[in-house]
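Data block below; observations after.
The values are calculated or read from the model by the stated rules, or taken from the named source; none is laboratory data. Note that the coordinates shown come from a computational prediction; the quantities given were computed from them, not determined experimentally. Every residue, glycine among them, receives a Cβ derived from its backbone with ideal geometry; neighbour counts consider all protein chains shown. The accessibility values were calculated without ligands, DNA or RNA, using every heavy atom of the protein model including side chains. Shrake-Rupley method; radii C 1.70, N 1.55, O 1.52, S 1.80 Å.
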Amino acid sequence: MTATAPPRRTRHLPATLLVGGGVTLLFALVAVLAPWLAPHDPFRVVGPPLSPPSAAFPMGTDGIGRDVLSGVLLGTRTSVGIAVAVGLVTGAIGVLVGALGGYLGGKVDGVLLRLTELVQVLPRFFLALLVLALFGPGTDRLVLVLALTSWPLLARVVRAQVLAVVALPFIEAARASGARGPRILLRHVLPNAVPTAMTTLGVVLAQVILLEASLGFLGLGDPNTMSLGAMAGEAQRFLRRAWWLSAFPGSAIVLLVLGVNLLIDAGSSARAPARRWLPWQRHG
């Protein structure tokens, strides 16, 4: 008798990853292709006011006759663009502050930790509200104030991960082999801290999307760009007469944040240490 090999187990992707990744990818594509997907200029009057959804206007028109579909597409582009810009600045500052504090320790860690706590207690929404009210609405000002106040959570998570990795035996082995501080930090420490940092950054991006929509809802968004929050704010006057004005922008915000959150949950569940940086695990 010939021995038969055991059946290979097939790994199925979790539903949260499929749904979250699919929704997030869809919104990312919409954000990139919005200028070509939008059938009309979102600021231009193209039809009768308050027209319900139809073949000509799939999402209807607003109170002055602008196409809601075009507004949702360009508004999605604005929300995703602001989230990406804030995420890049936040990621750079958070990883830098957290990595330096956790790896260097001592007085450097103390100063950076106090700075992190100082920024963390600042009320982001009201600070953004104050800055935009004083200096006027603008996408650049919104990105700047959100980015400079969103990094503390990421910095604290990166610091905790760096402290945990530095205490592992293979870091001592790297030092004994002659590796210097910057090489150890970049080659051995950060690769093990990045997965958790990326998950935390996703949480920050979901918060940024909601903050941007809230500020737009209050009329503090950039008047020269279409915003989902601004569309939802303008729709409040027509809640009983035109349900579509608030339903479609609101649904876009909910689906975008939901997709990001599901992707975060899936990444958090599937996250594992970077095995190639842990030599003793290779033959476990």
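Tabulated values for the structure
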read-out	value
Scan of the stretch 62-77 for residues that are under 30 Å from the mean Cα position of the chain (by Cα) and over 22 Å from VAL32 (Cα atoms), ordered by number	ASP62
Members of the stretch 206-225 that are aliphatic (A, V, I, L, M), open to solvent by 50 Å² or more (accessible area, probe 1.4 Å) and over 21 Å from ALA28 (Cβ atoms)	LEU218
Cross-chain or 6+ apart pairs with Cβ under 9 Å, the stretch 210-236 first and touching a residue at least 24 places away in the same chain (Cβ under 8 Å), then among the basic types (Lys, Arg)	LEU211/ARG124; ASP222/ARG141; THR225/ARG77; MET226/ARG77
Selected residue [under 27 Å from HIS188 (Cα atoms), surrounded by fewer than 20 Cβ atoms within 10 Å (Cβ to Cβ), more than 17 Å from the chain's Cα centre (by Cα) and free of Cβ contacts under 8 Å to residues at least 24 places away in the same chain] from LEU134, LEU104, LEU118	LEU104
Among (1) on the phi > 0 side of the Ramachandran plot; (2) in contact (Cβ under 8 Å) with a residue 60 or more places away in the chain, the one test that ARG124 misses	(1)
Boolean, GLY202 is among the small types (Gly, Ala, Ser), touching a residue at least 24 places away in the same chain (Cβ under 8 Å), in contact with a Leu (Cβ under 8 Å, 6 or more places away or on another chain) and not in a helix (DSSP H, G or I)	no
Sole exception among (1) under 30 Å from ALA197 (Cα atoms); (2) at pLDDT below 90; (3) out of contact with any Ser or Thr (no Cβ under 7 Å at 6 or more places or on another chain) for GLY221, by number	(3)
Qualifying residue in the stretch 167-188 (condition: farther than 20 Å from LEU96 by Cα, open to solvent by less than 30 Å² (accessible area, probe 1.4 Å) and in contact with a Lys or Arg (Cβ under 7 Å, 6 or more places away or on another chain))	no
Test result for VAL68, at negative phi and crowded, with 21+ Cβ neighbours inside 10 Å	yes
Close pairs from the stretch 23-42: first over 20 Å from VAL84 (Cα atoms), partner of a type in the set (A, V, I, L, M, F, W, C) and in a helix (DSSP H, G or I), Cβ under 7 Å, at least 6 apart	LEU37/VAL30; LEU37/LEU73; ALA38/LEU73; ALA38/LEU74; PRO39/LEU69; PRO42/LEU74
Matching residues, the stretch 224-245, being within 17 Å of PRO42 (Cβ to Cβ) and in contact with a Ser or Thr (Cβ under 7 Å, 6 or more places away or on another chain)	THR225, MET226, SER227, LEU228, GLY229, ALA232, ALA235
